[in-house]
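Worksheet: the structure to be examined is printed underneath.
No lab work stands behind these numbers, since they all come straight from the coordinates. The structure presented is a predicted model; accordingly, all values stated were derived computationally and were not measured.
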Amino acid sequence: MTDPSSFPNFPPPAQDRPLTGRVLDAVQDLNLQPNLDKDGDVAFQVNDQKLFVKVITGEQFDIMRVFGQWQVAQSVPEDLLTRLNGCNDVTLGVNLVKAGIANGHLVLAVEQIITRQEEPKAKLQIATGLILQALALWHRNVLAKSRAEAGLDPQIPEDAPEGTEIGPWLSLGRSGGAEAPTTGDDQA
């Protein structure tokens with residue numbers, strides 16, 4: 001007779017495992033050393049940036065929200081409109097990423113639907129990469145827009161590839177350029 005403890009320990013099928021457990025496994029598979037924080041979110045670090053995963057359980061599918069928040073540096077202009085315009089550029093210009101300012105913090109998030117049978121690793125990798133790219137884009141654009149609005153050269157970084165422009169500039173600042181077209185039916 002075989003010893004039952006010698007059988008391999010296979011994990012249950014994905015549909016029988018909560019998404020939080022699958023996210024923990026995915027973060028471990030990526031060698032990112034996850035932690036479960038006091039709110040039940042999965043916390044991990046990548047490129048010295050702390051990110052979180054919040055699981056929102058639904059009846060038919062779950063939502064995985066990957067997010068991070070950063071205290072806005074003093075090198076960034078204090079003008080809230082400039083900061084929010086930078087958030088608008090990220091939200092409109094980077095597919096999936098939502099950006100906002102809350103209590104002096106930049107908040108970036110990616111929400112994705114995860115089916116009960118799905119392993120979240122690939123979507124977690126995509127969301128993490130998008131958030132880190134959006135963080136760099138927001139910071140670069142806010143600094144450049146602030147300089148441009150002050151009538152200064154926006155200063156494209158030295159290590160930027162040839163032909164790089166600051167942008168996308170989907171939001172206009174206070175000194176703005178073109179106004180949105182009107183059809184005559186628009187009333188303010």
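Whole-Hz ³J(HN,Hα) for each residue in segment 55-63, computed from phi via Karplus 6.51 cos²θ - 1.76 cosθ + 1.60 with θ = phi - 60°, x for glycine and proline: what do you get?
9, 10, 7, x, 6, 9, 8, 10, 10
Give me the lysines in straight-line cross-link reach of K98: C-alpha distance below 19 Å, same-chain residues under 8 apart excluded.
The reachable lysines, counting only those whose Cα sits under 19 Å from K98, are K50, K54, K123.
Send over the per residue convex hull volume for segment 95-149, Cα only, as a whole number of Å³.
Looking at segment 95-149, the number lands at 86 Å³ per residue.
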